[in-house]
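Only one structure is covered here, and it is reproduced in the block below.
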Amino acid sequence: MKNSPGPAPTPLVDEALAALSPALRRVLDVLEARGGEVTVNEVAAELGLHHNTARGSLDALVDAGLVVRSRQPARGRGRPAWAYTSVAGAGIDERTRDYLALTTAFAHHVARTSADPAASARQIGREWGAAMAATAEPPTGSAPGQRRAAGAVDPDRAARTEVVRMLTRGGFGPEPSADATRVALRRCPLLEAARSHPEVVCQVHQGMVEGMLTVRGEDPTGVRLLPFAEPGACVLLLPDAVAGPA
């Protein structure tokens, strides 16, 4: 697995911020002030930058693990534009290091002692994801069993968006497709353990997503996590329809 493609480790936030140039810091400040998705054009206009300079700065912040990007919904012809969001708080801080060391030890232990490490890890992940989702605000339009009214928020998309939001908070650097059915995970908070024991760590992460959906009354059937699936990312596949019965 050492030579396999895959995500980068989730960075230490303090170190990543300290390494920023003043120019990148100003770009990050714009994103943090907006508090949501920002386009290249918006950053360029606010800071008086050339479009290519703004895009290069935003991509550098993505590489540093401080910003995530996602495709905006398609509008007319051509590829949808990228939108950028600050996730500076989603990296690892110093207090988390001991927790990650403990989790890595857990992965080694499950791999050695469980008769079915993948199944054990996935169940642990489901319980973890359910606990995360239970403490989060439910996304608009995702009430279990809710019928879809004309013009209402698509509950399938709302559930997928909520998963992406929680993965962002977890330090996974998710980069979703326009409909959020395919999510590239650019960062991994447990990368070293995942490379050593993918049958444990990656199954924990897949189970975590299943638990997030299940606790909200969604059907997680079809969720798949493809470890080290492409250069620079693992890939999470979310089902096209995860809402409860209509």
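Rule-based calculations on the coordinates, nothing more; no lab input. As the structure is a computational prediction, the values presented were derived from the model and not from experiment. As a convention, Cβ positions derive from the backbone with ideal geometry for all residues, glycine included, and neighbour counts pool all protein chains shown.
The table that follows gives values for the structure above.
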| quantity | calculated |
| --- | --- |
| Calculated FRET efficiency for the pair ASP29/THR113, C-beta based, R₀ 51 Å, to 0.05 | 0.60 |
| Cα→Cβ-extended label distance, 7 Å offset, between ALA134 and HIS50, nm | 5.5 nm |
| For CYS234, residues with placed amide H under 5 Å, excluding near neighbours | LEU185, PHE228, ALA229 |
| Distant-in-sequence amide H partners of ALA8 (H built 1.01 Å from N, under 5 Å) | ARG187, CYS188 |
